[in-house]
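S.K.: One structure, pasted below without further comment.
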Amino acid sequence: MGGQVRVSAAALELPGGATVRFMRTLRLPETGTHPLPPGLGTFPLRRVADYPDRAPAPWLARGGVLLPVYQREAMWLSFSAPVPVALQVGVGKVCAVSGRPWSDRLAQGPQNYVVLPRQPWLDGINSGSGTIRQFVAVPLGLGATVEGQITGEEVWGGVQLQAFELRDDALERWQAAQAARAERTRGGWGQASPPPAPMAAAAPGGAAYGAPAAAPSMGLGAGGRMRQEVYRDERPLSDWREEPSGRVFVHLATAPQWRAVTGEPAPASPVDRAAYNAAGLPWFDYYDADAEDLSPAEPLANVKPVGDWLGDDQQPWLPVQPGQVKPLGDDPGAVADGEW
């Protein structure tokens, strides 16, 4: 389906110019509303097709990539694109934006995609007005994943991405508008580009190899709530191509699975949040005054946090101080796609 997806320097490059990075971060408490947590480096990515003798058969059938994640570890997705791209994000084949079942078509009632580069990142499911609930990794089989709570089953797990490009005439209009804007601002500061993804200090580094790994076992559940808007697309749906230009299935491997498949040790867990806050390191707040936030997705509004299944969070929480919140105005190769 569509063009090739490639892995380059721990990033996924989708057709149309969209780049997606999976960022390690601090897990939020499941009570209260919080600013954007920092990035603690990228998750490593490997192509499933490179391990035909060790990857689980369902992974090989679906193709895509794998990354290592610990139980209850949080992540966010960092986006960039040189031209507008519509990107669908699925968690266990449930749309993280609309809460509806996965679809091979874009929709606006409700909107089931984000638009790059206006949407610089997505930290979780669209479950509140101006807020989201953080992506947190949990095992399949407990019913704690977004997939399990919405569909009543846990079959897919992982993360699904699908990119749609603008039609030629819509792209030409956008390019003309960009050129006119650049002409108007010539001699001044020009148009502000999307902010860089919030980053902080890199995370600290830190099953038997050779046998096929166990079947998929990790999906994404809902964690703490944070302030983040999911922006409404200002274009008509007719501006976008009907067929996706590329898609990729991202498998979430446990640390033993990662070692069994790749032969590499999984990176150590990120620094704990109490130590991070005690050091006074930054959190972030981002606001786009010209963009309209989507309404909460009704199916996602009632998704329960993973603590309801895994018990209370044992990590101590040191509140973020106001001065810590900062405002923000590898190996190349194509990724094989499969049946999903």
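S.K.: Would it be correct to say that VAL138 is under 26 Å from ARG241 (Cβ atoms) and either β-branched (Val, Ile, Thr) or in a strand (DSSP E or B) (or both)?
M.R.: In short, no.
S.K.: Give LEU161, LEU77 a once-over and let me know the one that is under 28 Å from PRO29 (Cβ atoms), at pLDDT 95 or above and either touching a strand residue (DSSP E or B) at 6+ places or on another chain (Cβ under 7 Å) or assigned to a strand (DSSP E or B) (or both).
M.R.: Going through LEU161, LEU77 in turn, just one is under 28 Å from PRO29 (Cβ atoms), at pLDDT 95 or above and either touching a strand residue (DSSP E or B) at 6+ places or on another chain (Cβ under 7 Å) or assigned to a strand (DSSP E or B) (or both): LEU77.
S.K.: Please tell me if GLN108 is within 29 Å of GLU243 (Cβ to Cβ), surrounded by fewer than 24 Cβ atoms within 10 Å (Cβ to Cβ), under 18 Å from the mean Cα position of the chain (by Cα) and modelled with pLDDT of 95 or more.
M.R.: Criteria not met by GLN108.
S.K.: Looking only at the range 1-13, count how many residues are open to solvent by 10 Å² or more (accessible area, probe 1.4 Å) and within 21 Å of VAL114 (Cα to Cα).
M.R.: Total meeting the criteria: 6.
S.K.: Among the residues of the range 47-63 satisfying the criterion of being in a helix (DSSP H, G or I) and under 15 Å from VAL155 (Cβ atoms), which is most open to solvent (accessible area, probe 1.4 Å)?
M.R.: Applying the filter and picking the extreme gives ALA57.
S.K.: Continuing with this model, one more query. Could you tell me whether any residue of the range 107-129 is under 13 Å from SER217 (Cα atoms), in contact with a strand residue (DSSP E or B) (Cβ under 9 Å, 6 or more places away or on another chain), aromatic (Phe, Trp, Tyr) and part of a loop (DSSP other than H, G, I, E, B)?
M.R.: no
S.K.: Tell me, please, whether a residue that is open to solvent by 80 Å² or more (accessible area, probe 1.4 Å) and modelled with pLDDT of 70 or more can be found in the range 258-276.
M.R.: Scanning the range 258-276 turns up at least one residue that is open to solvent by 80 Å² or more (accessible area, probe 1.4 Å) and modelled with pLDDT of 70 or more.
S.K.: Which ones in the range 230-256 are more than 26 Å from ASN126 (Cα to Cα) and under 21 Å from the mean Cα position of the chain (by Cα)?
M.R.: Residue satisfying the conditions is ALA255 alone.
S.K.: If I ask for residues that are open to solvent by 70 Å² or more (accessible area, probe 1.4 Å), assigned to a loop (DSSP other than H, G, I, E, B) and out of contact with any Asp or Glu (no Cβ under 9 Å at 6 or more places or on another chain), which ones from the range 237-257 would you list?
M.R.: GLU242 - this is the single residue of the range 237-257 that is open to solvent by 70 Å² or more (accessible area, probe 1.4 Å), assigned to a loop (DSSP other than H, G, I, E, B) and out of contact with any Asp or Glu (no Cβ under 9 Å at 6 or more places or on another chain).
S.K.: Return the residues of the range 20-42 that are crowded, with 19+ Cβ neighbours inside 10 Å and in a strand (DSSP E or B); say none if nothing qualifies.
M.R.: Of everything in the range 20-42, those that are crowded, with 19+ Cβ neighbours inside 10 Å and in a strand (DSSP E or B) turn out to be VAL20, ARG21, PHE22, MET23, ARG24, THR25, HIS34, LEU36, GLY39, LEU40, GLY41, THR42.
The values are calculated or read from the model by the stated rules, or taken from the named source; none is laboratory data. Note that the coordinates shown come from a computational prediction; the quantities given were computed from them, not determined experimentally. Using ideal geometry, Cβ is built from the backbone for each residue, glycine included, and neighbour counts are taken over all protein chains shown. Accessible surface is based on the protein model in full, side chains and every heavy atom, while ligands, DNA and RNA are left aside. Shrake-Rupley method; radii C 1.70, N 1.55, O 1.52, S 1.80 Å.
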